[in-house]
Amino acid sequence: MVGYSPTKEDHLQRLRRIEGQTRGLQRMVEEDKYCIDILTQVSAVNRALQAVALSLLEEHMAHCVAEATRQGGAEAEAKIKEASDAIARLVRS
């Protein structure tokens, strides 16, 4: 079982909404909409994706990392490193 299993449908709903926003961006470009309007929508999609990423990260830490630290050892160290690397990727993006 993955950490996000209880909220899987919420994540899918958010991702479907983001998919719709992305299709809207394609339409805006096809219809030669004003650049700033497109950039505003790009920003909204980025924020929405960031929210999904943060939610998944929180769930990963609460489930997978917490469980591994309870068990201790190399698995705990690996999960902490994995979470740290994921945080670093999110900060860079």
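What follows is calculated from the coordinates using simple rules that are stated; it is not laboratory data. Computed from a predicted model, the values in this text were never measured in an experiment. We place every Cβ from the backbone using ideal geometry, glycine too, and count neighbours over all the protein chains shown.
For this structure, a couple of remarks:
- Qualifying residue in the stretch 23-34 (condition: within 11 Å of the chain's Cα centre (by Cα), surrounded by 10 or more Cβ atoms within 10 Å (Cβ to Cβ) and more than 19 Å from Val2 (Cα to Cα)): no
- Ile38 satisfies every condition listed in (1) within 29 Å of Ile80 (Cβ to Cβ); (2) touching a helix residue (DSSP H, G or I) at 6+ places or on another chain (Cβ under 6 Å) except (1).
- Being exposed (fewer than 11 other Cβ atoms within 10 Å of the Cβ), under 18 Å from the mean Cα position of the chain (by Cα) and among the hydrophobic types (A, V, I, L, M, F, W, C) is a property that does not hold for Val2.
- Out of Asp85, Asp37, one residue alone is among the acidic types (Asp, Glu), within 18 Å of the chain's Cα centre (by Cα) and surrounded by fewer than 14 Cβ atoms within 10 Å (Cβ to Cβ). It is Asp85.
So that you can scan it fast, the table gives a plain yes or no per residue for (1) free of Cβ contacts under 8 Å to residues at least 24 places away in the same chain; (2) not charged (D, E, K, R):
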{"site": "Ile18", "(1), (2)": "no, yes"}
{"site": "Asp37", "(1), (2)": "yes, no"}
{"site": "Thr40", "(1), (2)": "yes, yes"}
{"site": "Ser43", "(1), (2)": "yes, yes"}
{"site": "Val52", "(1), (2)": "no, yes"}
{"site": "Leu57", "(1), (2)": "no, yes"}
{"site": "Glu77", "(1), (2)": "yes, no"}
{"site": "Lys81", "(1), (2)": "yes, no"}
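- Meets criteria (closer than 25 Å to Ile87 by Cα, among the hydrophobic types (A, V, I, L, M, F, W, C) and free of Cβ contacts under 8 Å to residues at least 24 places away in the same chain) for Val65: yes
- Residue, farthest from Thr40 (Cα to Cα), within the stretch 6-22, restricted to residues that are surrounded by 11 or more Cβ atoms within 10 Å (Cβ to Cβ) and among the acidic types (Asp, Glu): Asp10
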